[in-house]
Structure formats: structure tokens, C-alpha cells
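Q: Structure in C-alpha cells, see below.
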Amino acid sequence: MHTRTIGILQKINFLPDFCCRDKLLQIKKMHTLLLGIGNQSRGDDGLGWALLDALAPEFGAVCALEYRYQLMVEDAELARRFSRILFVDASRAPVPGGAALQPCIPLEALYFSTHQMAPGEVLSLCQTLYDCRPEAQILALQGYNWDLGAGLSEPARGHLEAGIRLAKEWVLDGV
């Protein structure tokens, strides 16, 4: 892409100002987004971030890694840039084997909030606003302890290892 084209796209707010040719090429090569949701300051709620941290050395050059405390409306715009998305989040509900992949299906919100959304709501917005529906999965990791200031519990660490294996397989299936 020529510098002039990038400038024009920036002027019409198609590209953020920080974009450059190298960044565009990198984004174009990365068609997979790993999106970790949680809060590492709240015990097992940090499982999503911990999984991204574990995968970064091996997959950080071929996948975009994004960390979120919660999903918001703006994430629909991010989602449209990728053909595959893996949402990674801790679960309070029991998860078979402690870690499980499940399809992420677009769903209409039963309520509206700009501060918290489910992965399916993000996909629904992406489809509605941008006519784009990336392939998406949710990787649920069972958590047990949600106390402020606590690290990952021992059982959650085991589920993290199982989740890492599932995430690696999912990423490699898309290569």
C-alpha cells in the first residue's frame, strides 16, 4: 500500500494515525485474534490474561493478542479486522475437564450496556455494523477463587495448562 493511500485512509478515519506500512503488513498477515478477558488482580479471573501470556512467546508473531477487563462496543470494530477470534475467559460455572472450546454464536443483547458485553454480542454488532462475521470460539477456563489480590488457585493452574493445549491446537488448525 502506498504512503499516499495510507494518508487518504487516515484522513477518512479508516486507519488510525499510528498505522504505517509495516503495521499494515503485519495486521494483514495476522488473521487470528486471541482476546483474553479478565482481571489478573482478582484471582482466577486472570485466567484469560495468563493464557495469552503463556502463548505470546510462541504465537505472538502470528496472532494478535488483546487483553480486556471486559468486552465493549468498540471490540466489534476490532473483531471485523480478523477472520478468526478466540475469546478466552474464566468461568464460574463448571467446565468439563476445566477447559473447553465452544462455538461463539452472534446473539442480540437482552439489554444495552457500553461497559460489558458477551462475546456473542460483540459478534452480533460486528455482523450488523460491518457485515462481517469472523469464525469465533470461546475458550472457557473454570475458576474457583475471585478474591481481590489473590493469584491463580492451584486447580485453575491445571485448567490453564489444559486451556493452553486447546488454544494451541485451535491456532494451528487455522494456519
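Rule-based calculations on the coordinates, nothing more; no lab input. All values derive from a computational prediction rather than experimental measurement. Cβ: placed from backbone, ideal geometry, glycine included. Neighbour counts: every protein chain shown.
Q: Along Cα→Cβ, 7 Å out, is where each label goes; now give me the distance between the ones at Glu58 and Cys132 in nm to one decimal.
A: 2.8 nm
Q: Just to be sure I understand the model, the point goes 7 Å from the Cα along the line to the Cβ. What's the resulting Tyr144 to Lys168 distance in nm?
A: Rounded to a tenth, the inter-label distance reads 2.4 nm.
Q: Also, quick follow-up: Just the Cα atoms of the range 134-175, one point each, no solvent: what log10 I(q)/I(0) does Debye give at q = 0.14, 0.25, 0.29, 0.30 Å⁻¹?
A: For the range 134-175 at q = 0.14, 0.25, 0.29, 0.30 Å⁻¹, log10 I(q)/I(0) is -0.42, -0.87, -1.01, -1.04.
Q: Which order, highest average first, do 141-150, 40-49 follow once you tally other Cβ atoms within 10 Å for each residue and take the mean per peptide? It would help to have the intermediate numbers written out before the result.
A: Working: 141-150: 16.4, 40-49: 22.3.
Highest to lowest by the protection proxy: 40-49, 141-150.
Q: Starting from the eigenvalues of the Cα gyration tensor, five times each then square-rooted, give me the equivalent ellipsoid semi-axes of the range 54-107, largest first, whole Å. Spell out each step's value before the answer.
A: Working: eigenvalues 83, 60, 26 Å².
Result for the range 54-107: semi-axes of 20, 17, 11 Å.
Q: Between the DSSP loop rule and a limit of at most 12 other Cβ atoms within 10 Å, which trypsin sites (Lys or Arg not before Pro) in the range 53-94 are left? Present the calculation step by step, with values, prior to reporting the outcome.
A: Details: sites: Arg68, Arg80, Arg81, Arg84, Arg92; in loops: Arg80, Arg81, Arg92.
Qualifying residues, ordered by number: Arg92.
Q: Then there's this: So what are the three principal axis dimensions of the range 63-175 from its Cα atoms, in whole Å, longest to shortest?
A: 42, 34, 22
Q: Let me ask something else. Using the per-residue mean of other Cβ atoms lying within 10 Å as a proxy for protection, in what order, highest first, do the peptides 166-174, 130-138 fall?
A: Details: 166-174: 14.8, 130-138: 16.6.
The packing order, highest mean first, is 130-138, 166-174.
Q: Which FRET efficiency, nearest 0.05, do Ser41 and Arg80 yield, Cβ-Cβ r, R0 35 Å? Let's see the in-between values first.
A: On the way: r = 30 Å, r/R0 = 0.86.
So the FRET efficiency works out to roughly 0.70.
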